[in-house]
Structures are given as C-alpha cells and as structure tokens.
Amino acid sequence: MTGVHRRTFLWGAVAAGAGALLPSAAVPAAAHAGASPGGAITSKSVGAFDVVALRDSADTFPATRTEMFPDATEADWQRARRADPGAFGPDLAWKLDFRCYAVRRPGGRIALVDAGVGPAGSPGSAWAAPGVLPELLAAARIDVADVDLVVLTHVHEDHMGWSVSTDGVPTFPNARYVVQRTEVARLAATSPMRDYLIVPLQRTGQLREIDGEVRLAGARGSRLTAIPTPGHTVGHQSVLVDGHGRRMVITGDVLVHAVQLVAPDVGYALEADQAVAAETRRALLADARRRRATLATAHLTSPFVNARYP
C-alpha cells in the first residue's frame with residue numbers, strides 16, 4: 001500500500017474492534033458503546049508542568065501492519081513486539097491508541113496537544129472509533145474554559161476531531177489554536193480539514209499560524225516549545241516540555257508504531273515524505289536518547305515510553 005493517498009484509503013475504511021487497555025497504572029475513565037474501555041488517564045511531571053495523557057479512542061487500524069510498514073523486516077517486528085506488545089493483534093492486525101496530552105501549568109492554565117478522533121460525525125470517526133475526550137477532561141478536572149492553548153501537531157483527522165464541534169463551534173472558547181503555517185498553506189482548497197477546522201477557527205480569530213520553533217509557554221524555569229518535525233506532513237510539529245533537567249517530547253506522528261521506534265528508517269505508507277520523515281525520526285530519537293528524554297506518543301499503546309532503544 002506504499003504511496004496510497006491517506007484520504008482515499010481511510011475515508012472508505014470501516015473501523016474494526018477496540019484496542020487493548022493501557023498499562024495497569026492508568027485509570028479507566030470512560031468507555032465506547034459496545035467496546036472495551038475506551039479512555040484512560042495517566043500523568044508524568046516535567047519541571048513545573050504536569051503532563052496528562054488522555055486516550056480519546058482505541059481501535060484496530062483498517063489495514064494490516066505489513067501493508068502500512070512494508071519495509072519492516074521480521075527482526076524489526078520482533079523488536080517492536082518486545083517494545084509494545086499491545087500493538088499486535090491477531091494475524092497482522094495493528095492495534096493503536098489515539099491520544100491527546102493536557103499540560104497543566106502553574107496557575108491552573110492548560111495546554112492541550114492534539115484533540116483526538118472526535119465525536120461521531122467528525123472526519124476521523126469515518127474510520128476510527130469515536131472518542132471520549134470530554135469525559136476524560138471532566139475526570140481529570142479540566143474545564144474547557146481553562147484551556148488557553150491547543151497545539152495541533154498536524155491536521156490529520158485523528159488529531160483534531162475535538163477542536164471544534166460538528167457544527168463548527170470551537171470546543172475551547174478561550175484557546176489559541178497553534179498550527180505551523182506550512183501545514184495550513186499546503187492544505188488543498190478542497191480538503192475537508194479546511195472547512196471542518198481551519199475556516200471556523202479563522203472565523204473566531206482563534207487560529208495562530210507559527211513558523212518554525214516557537215516558545216509557547218513558560219513558568220518557574222519550565223518551557224513548552226513547538227518544534228518542527230516534518231515528514232509525516234509537511235508542517236508537522238512536536239512539542240518539547242522542558243524543565244529542571246527533565247525533558248519530554250510529545251511526538252505526534254513522528255512515529256506511529258513501535259517498529260519505527262526500534263527501526264527509525266522504516267517508513268509508514270501514509271507519510272507525505274518518507275525520506276524526510278525518517279530523517280526527522282532519527283534526529284528526534286538521537287536527541288531524546290542523548291538528553292534522556294521521555295517520549296509521549298500518540299498511537300503506541302503506552303503513553304510514555306523510553307527513547308533509549310538500541
């Protein structure tokens with residue numbers, strides 16, 4: 001399936017069963033109708049910030065792992081299974097989570113990184129189980145009014161679904177929505193993401209387009225910084241959380257499966273530019289290992305993972 005267009009493939013797909021539970025340290029918070037528990041909350045402190053992982057949805061991808069990662073070797077898959085056994089379903093099934101991260105800052109303000117699959121009727125719900133983010137935010141005692149920053153790593157449908165309602169009303173009324181300028185510029189005029197996401201945020205004046213690395217927030221010696229990590233999309237960005245000698249990278253889709261963690265040169269069929277994506281992945285992982293950073297992942301079945309794999 002190398003070279004398949006994401007929109008052509010995914011919009012026609014039928015989402016299959018639900019994914020595995022998060023590790024036992026996670027706290028179940030909600031459930032999909034007719035599925036296994038579909039949300040969990042766990043957190044990790046970084047300096048003055050508390051990073052809260054929110055699993056909006058879990059599902060089985062509508063294509064096999066070998067179709068999506070055709071260049072992975074059997075040795076790669078064996079190492080990936082050791083790193084993330086929950087991602088491996090029956091036969092060649094790829095089980096994955098769809099995760100957002102809330103960053104609590106001193107004073108009670110919240111930054112949200114990505115916004116999940118969204119409700120039934122959102123673009124992402126055409127191929128993945130609808131999400132439960134509002135229930136997770138309530139369980140984590142986060143009011144939507146306290147979210148003053150929403151950072152979208154990119155505008156694929158499974159990362160922005162709760163940004164606005166299906167009626168085009170921004171979910172977080174007091175938030176700036178931060179996207180790389182190149183990500184918006186490269187959206188086709190006919191892209192569903194433009195009408196569903198970009199136009200409503202432009203209408204309310206809440207869209208902030210940035211260029212390159214930008215410091216987004218800081219407090220008590222801790223910083224939240226957007227960093228360009230292109231390849232999955234042309235304007236993909238990740239978020240660096242840095243404070244008091246501890247670092248975390250909220251990766252978005254720099255790596256979407258553990259096979260790319262253990263073998264970063266392995267391409268994903270739906271990456272816009274596999275060569276650039278691999279270069280970005282190698283650089284991000286090398287830096288994370290050198291600085292002993294934690295990775296906060298969108299789709300692996302554990303939210304916080306150690307970058308130090310050989």
Worksheet item: Out of curiosity, is Thr166 closer than 10 Å to Gly118 by Cβ, of a type in the set (S, T, N, Q) and in a loop (DSSP other than H, G, I, E, B)?
Response: yes
When restricted to Arg308, Arg282, the only residue assigned to a helix (DSSP H, G or I), over 23 Å from Leu187 (Cβ atoms) and of a type in the set (D, E, K, R) is Arg282
Of Thr64, Thr60, the only residue that is hydroxyl-bearing (Ser, Thr, Tyr) and either closer than 30 Å to Ala219 by Cα or out of contact with any strand residue (DSSP E or B) (no Cβ under 6 Å at 6 or more places or on another chain) (or both) is Thr64
If you go through Ala72, Ala115, Ala83, the only one that is under 25 Å from Val155 (Cα atoms) and modelled with pLDDT of 95 or more is Ala115
- request: Assess whether Arg109 counts as being surrounded by fewer than 24 Cβ atoms within 10 Å (Cβ to Cβ), in contact with a helix residue (DSSP H, G or I) (Cβ under 8 Å, 6 or more places away or on another chain), closer than 22 Å to Asn174 by Cα and of a type in the set (D, E, K, R).
  value: yes
Exactly one of Leu201, Leu224, Leu216 is surrounded by 13 or more Cβ atoms within 10 Å (Cβ to Cβ), modelled with pLDDT of 95 or more and assigned to a helix (DSSP H, G or I), and that residue is Leu201
Of the listed residues (Val241, Val254), the one being in contact with a strand residue (DSSP E or B) (Cβ under 8 Å, 6 or more places away or on another chain) and part of a loop (DSSP other than H, G, I, E, B) is Val254
Looking at the structure I just gave you, is Ala269 among the hydrophobic types (A, V, I, L, M, F, W, C), surrounded by fewer than 23 Cβ atoms within 10 Å (Cβ to Cβ) and within 24 Å of Leu149 (Cα to Cα)? no
When restricted to Ala58, Ala63, the only residue part of a loop (DSSP other than H, G, I, E, B), of a type outside the set (Lys, Arg) and buried (at least 18 other Cβ atoms within 10 Å of the Cβ) is Ala63
The residue that is surrounded by the most Cβ atoms within 10 Å (Cβ to Cβ), considering only those in the stretch 146-168 that are among the hydrophobic types (A, V, I, L, M, F, W, C) and within 18 Å of Ala126 (Cβ to Cβ), is Met160
Going through the stretch 118-147 in order, the residues found to be closer than 22 Å to Gln237 by Cβ and not in a loop (DSSP other than H, G, I, E, B) are Pro123, Gly124, Leu133, Val147
When His159 is run through (1) over 24 Å from Asp242 (Cα atoms); (2) in a loop (DSSP other than H, G, I, E, B); (3) touching a helix residue (DSSP H, G or I) at 6+ places or on another chain (Cβ under 9 Å), the failure sits at (1)
(1) more than 23 Å from Phe172 (Cα to Cα); (2) crowded, with 20+ Cβ neighbours inside 10 Å; (3) in contact with a Ser or Thr (Cβ under 9 Å, 6 or more places away or on another chain); (4) aliphatic (A, V, I, L, M) all hold for Ala293 apart from (3)
Taking the stretch 169-196 and keeping only residues that are of a type in the set (A, V, I, L, M), surrounded by fewer than 23 Cβ atoms within 10 Å (Cβ to Cβ), in a loop (DSSP other than H, G, I, E, B) and at pLDDT 95 or above, one is left with Val169
Exactly one of Ala115, Ala102 is buried (at least 21 other Cβ atoms within 10 Å of the Cβ), within 15 Å of the chain's Cα centre (by Cα), touching a residue at least 12 places away in the same chain (Cβ under 8 Å) and not in a strand (DSSP E or B), and that one is Ala115
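The values are calculated or read from the model by the stated rules, or taken from the named source; none is laboratory data. Not measured: the values here are computed from a predicted model. Positions of Cβ are backbone-derived with ideal geometry, glycine not excepted, and every protein chain shown enters the neighbour counts.
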